[in-house]
Structure formats: structure tokens, C-alpha cells
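One structure below.
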Amino acid sequence: MSVDEAPSTAVPDRELPAAVRRIGQVSWVREPLDDAVRNGGRGRRTVIAAPAVATLGTPADGEKFALLPEAREPGTVFMMGDNPDLPRFPLRPSLGDFFRLRFGGGSAAHLLQSAKLALEHGLNDKVIMACLLHDIAIAGLISSHHGHWGAQMIAPYVDEEVAWAVEKHEALRYFADESVGYSYPEAYIAYFGPDYEPPEYIRREAEDARKHRWYMTSRLVTINDVYSFDPAASVEFGEFEDIVGRNFRQPADGLGFDDSPVAHMWRTMIWPNNFL
Ligand SMILES: [Fe+2]
Ligand SMILES: [Fe+2]
């Protein structure tokens, strides 16, 4: 396949799910109409190339290179910086800003619901914080190995136990602990099929986590996780401002701009469409 040829063109259009057709048609090349007003009047077409991790193994694999000729068109550039289709961040972004400005599609609702359940169950701040943050990577960055990505993102700002619980919930989710009333999630049977077996490294990680002194903190995340997908529930981030204030070391320069080893992860969520 040449670099100019989009792999999606090799798949008959009718075989693509409607949602994928829509992505290909409207999300990647922004016409300048709105940008002309909102993007400093530059009035250029802006091309958004999806990152490899989002397209590998799909008909859109290779789109990034297939889009290169687009950038050679007059008045066309690759997206860098603010995408006018996303809400803009204030100068010093806070955790609440990420919940409000980036975590959509039910992700914020799920995190807030699970934290609220932990609160209602009278659990301590560390468990509530871990619940609030447990799927933060899915919400704004990446799904595969989300416990690990999430734990790294928050590590400089939370107690070590909170980051550990976020990391380990990923593996512990797959394994029942009937002694505390946790069964294998019904949802996973639907998501992955009844015959899905977690890989060996996940099994090992869960076994090690079970022997750890903080096991129950992470286990409680999994317990409050499974009941937190009610689309009718409405929980506001503001309900946790106090707990977040006590347990999340908000950097003075803002998340993404504090020169921490993970600042780039937060900036990636602010500018997810940067070409580089
Ligand atoms: Fe999770
Ligand atoms: Fe979750």
C-alpha cells in the first residue's frame, strides 16, 4: 500500500459501520468556516490525524500517512494546539477542569458515581479518591492498560496508596473475591464473551495485589466500580471539591504545566489532536 492510499478505501464503504464512515468524513479534515472565526482568523483547513494507538488494527490504520498529501494542499495545516471543537482550558488547569472540559461520553458520570457510592458507604478519603480517579485514563487518554496509565498520571498529586489502588483495579476487576461480595462482572461476560480468559500477566498482577497491604483499597474500587453505570444518576464534581482539596495536590502552575514527569499526559488531554 502506498502512503497516499488510505487503507479505509480498501474496505467497501458499505462494510464500514456508520460511525466509522462519519469519522472518516467529518472528523479529520476541518473546513475553515468555523476556524476562520474562532482560530485567530487564519481561515485554514485543519487536518486531524488520529494517533496510531487509536487506529492500529482498524480500517483507519495508516490514515496518518494517507493524510500527509492533505497538508500540501493550499491553506491546509495539521492540527496543533487548540482544536476549536473542544472547550478551551483556563491558564492553570485543575482536576475539575478536566472533568468538565474533557471527560465526556459517560466517563465523568461513571467516575463521579463510583466516588459517590464510596462516599455513601462511609469509606475513607483514599478509597473515594481512588474511585474518583480509577478510570481517568479511559476518560481522557487511553483505554488499554488504563489502570497503569491512570496511576502514572496521578502519582505526583495523590497519596501513593491511591495511585496503587488505581493501578491494581485493572487486574483485580477480573477476579472474584466472594469474601467481600465481589463477583466477576456481568458486564465483562457481555463485553468479552463468556470464554474470555485474562492474560497471564494480569493474573499474576492480581495475585500479587491480593497479598499487598493495600489490597482492600483497590478491591473497594472494583466493588464501587461495578454499580456505577446508571445513566440516570447525576453527580457533580463540585460534591467532591473538599475531598479533592484535601487529597489532590493541585500544582500552582496547573496540571500539564508544572514540569512534573507526567505533565505531558495532562497536556495530551488538553491538545489530543496535535500532529506531533
Ligand atoms: Fe477500570
Ligand atoms: Fe470503572
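Data overview
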| read-out | value |
| --- | --- |
| Mean Cβ neighbour count within 10 Å, used as a protection proxy, ranking 192-201, 246-255 highest first | 246-255, 192-201 |
| Relative contact order for region 99-242, counting Cα pairs under 8 Å that sit 6 or more residues apart, in percent | 32 |
| Rounded, prolate or oblate (a/c below 1.5 giving rounded, otherwise prolate when a/b exceeds b/c) for region 59-116 by Cα gyration tensor | oblate |
| Order of Met216, Met129, Met80, Met269 under a 10 Å beta carbon neighbour criterion, fewest first | Met80, Met216, Met269, Met129 |
| Cα gyration tensor category, rounded, prolate or oblate, for region 100-225 with a/c compared to 1.5 | rounded |
| Sorted by Cβ neighbour density within 10 Å, fewest at the top, the residues Val77, Val180, Val244, Val47 | Val180, Val77, Val47, Val244 |
| Pair-distance profile P(r), taking every C-alpha pair of region 44-152, with 5 angstrom steps and integer % | 2, 11, 14, 16, 17, 14, 10, 7, 4, 2, 1, 0, 0 |
| Mean shadow area of region 98-172, taken as a quarter of the surface of its Cα convex hull (nm²) | 4.7 |
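Read the figures in this text as sums done on the coordinates, not as results from a lab. What you see is a predicted model; the values in this text were computed from it and never measured. Don't worry about glycine lacking a Cβ; one is built from the backbone with ideal geometry, like all the others, and counts go over all protein chains shown.
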